[in-house]
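Shown next, in C-alpha cells, is the structure this report addresses.
The values are calculated or read from the model by the stated rules, or taken from the named source; none is laboratory data. If you're wondering where the values come from, they're calculated on a predicted model, not measured in any experiment. Glycine also receives a Cβ, built like all others from the backbone with ideal geometry; neighbour counts cover every protein chain displayed. Just so you know, the surface numbers come from the protein's heavy atoms only, side chains and all, with ligands and any DNA or RNA stripped out. Shrake-Rupley method; radii C 1.70, N 1.55, O 1.52, S 1.80 Å.
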Amino acid sequence: MPASENGTRPTALRVAAAGDVHIRDSNRDEIAAAFRALEGDVDLILVAGDLTTHGEPAQAELFAEVCRPLAVPVVVVLGNHDCHADRVAEVRAALEDAGVTVLEREWTVLELRGTEVGIVGLKGFVGGFAGSNLPDFGERQLREVYATTTADVEALAEGLRAISMCPCRIVLLHYSPTVETLEGEPEGIWAFLGSDRLAAPILEHAPDLVLHGHAHAGKFEGRVGESPVYNVSVPVIGKDFWVFELSTQRRPTTPIH
C-alpha cells in the first residue's frame with residue numbers, strides 16, 4: 001500500500017458485509033458462528049437488511065442475541081422482511097438493546113482505529129430504473145409510493161452531506177440504486193428491487209462504498225459514477241460475509257473475500 005502525501009501510510013479498515021440473513025430458530029446457531037468468526041478479523045460489521053425472516057420481534061431477539069457478545073460494532077438497516085409484521089418499532093428496540101446501530105434515513109460516525117467512518121443507512125424503496133420508472137402521477141397509492149422514495153433520496157443526500165468530511169464514507173441500503181447489480185433477476189421485477197432515484201445523491205457525493213441486498217439472484221458488483229456498489233445478499237456472495245478493505249487514501253476499496 002503506497003504512502004500518502006504526508007508520508008504516512010493510509011489506514012486500511014476491514015469491513016464485513018452481508019444482507020438477507022433471514023434469521024430464524026433453525027439457522028440461529030449457524031449465524032451466531034458466522035458472526036463469532038469475524039471477531040478479531042474485522043473492524044466493522046454491516047448488514048444490508050432482511051435480518052429476520054418475517055419481521056417478528058422474537059426473530060429480532062435472536063439476531064440481538066447473536067450480536068450482544070460481540071466487541072466489533074454492528075450497523076444495520078432493515079429490509080422488507082423486517083417490516084412484514086408491521087412491528088418495526090419492536091424489532092428496532094430489540095436490536096438496539098443489544099448494542100446494534102439501526103439506521104433508517106439516518107447517519108452515524110464511528111471512530112475505528114483512529115479513523116472516522118461515516119455511514120448513511122436507509123432501507124430505500126422501489127421505483128424502477130430508466131425505461132420503467134414509477135411516475136409521480138395517478139392514483140393516490142402510487143403517488144404515496146413515489147413520495148416514500150423521495151423521502152429516502154432526500155435523507156440519503158442529507159446524510160452524505162453530514163459525513164462529507166469523514167475519511168471513509170459508506171452508504172448502506174437494502175434496495176438497489178443501480179440495475180448493474182440486479183442483472184440475473186427477471187427484468188420484469190427490477191422496479192420492485194430498487195430505484196435509480198437513489199443514485200442521484202451517490203453521484204453527487206461519491207461515497208467510498210455502497211452496499212445493498214434484496215436481489216438474491218443479482219450480480220455482485222456494479223458502480224454509480226465513481227462509487228463501487230456491491231450486492232452483498234448472502235445468496236449472491238455465496239458465503240456468510242464478504243470482507244472489504246477500505247483505505248483512507250481515496251478511493252481504493254478492495255473486496256477481499
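Data overview
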read-out: Index of the failed condition, Pro69 passing every other in (1) assigned to a loop (DSSP other than H, G, I, E, B); (2) open to solvent by 50 Å² or more (accessible area, probe 1.4 Å); (3) of a type outside the set (Phe, Trp, Tyr); (4) within 27 Å of Leu182 (Cβ to Cβ); value: (4)
read-out: Some residue of the range 101-108 being assigned to a helix (DSSP H, G or I), in contact with a helix residue (DSSP H, G or I) (Cβ under 9 Å, 6 or more places away or on another chain) and of a type in the set (Val, Ile, Thr); value: no
read-out: Looking only at the range 239-252, and only at residues there that are open to solvent by 20 Å² or more (accessible area, probe 1.4 Å) and part of a strand (DSSP E or B), the one that is modelled with the highest pLDDT; value: Trp242
read-out: Residues located in the range 31-57, provided they are touching an Asp or Glu at 6+ places or on another chain (Cβ under 8 Å) and either in a loop (DSSP other than H, G, I, E, B) or open to solvent by 60 Å² or more (accessible area, probe 1.4 Å) (or both); value: Ala37, Gly49, Asp50, Leu51, Gly55
read-out: Residue list for the range 127-157, restricted to those being open to solvent by 10 Å² or more (accessible area, probe 1.4 Å), of a type in the set (Asp, Glu) and within 21 Å of Gly79 (Cα to Cα); value: Glu144, Glu154
read-out: Criterion (at pLDDT 95 or above and in a strand (DSSP E or B)) met by exactly one of Val229, Val236; value: Val229
read-out: When residues of the range 197-214 are limited to those that are within 15 Å of the chain's Cα centre (by Cα) and more than 18 Å from Thr149 (Cα to Cα), the one surrounded by the most Cβ atoms within 10 Å (Cβ to Cβ); value: Pro207
read-out: In the range 31-60, residue nearest to the chain's Cα centre (by Cα) [restricted to those that are of a type in the set (Asp, Glu) and under 27 Å from Leu112 (Cα atoms)]; value: Asp50
read-out: Cβ-Cβ under 7 Å pairs, at least 6 apart or on other chains, the range 200-214 side under 21 Å from Pro167 (Cα atoms), far side modelled with pLDDT under 95; value: Asp208/Leu246; Asp208/Arg251; Asp208/Thr253; Leu209/Leu246; Leu209/Thr253
read-out: Matching option when the condition is within 23 Å of Cys168 (Cβ to Cβ) and open to solvent by less than 70 Å² (accessible area, probe 1.4 Å), among Ala18, Ala85, Ala60; value: Ala18
read-out: Total residues in the range 175-201, condition within 15 Å of Pro228 (Cα to Cα) and outside any helix (DSSP H, G or I); value: 4
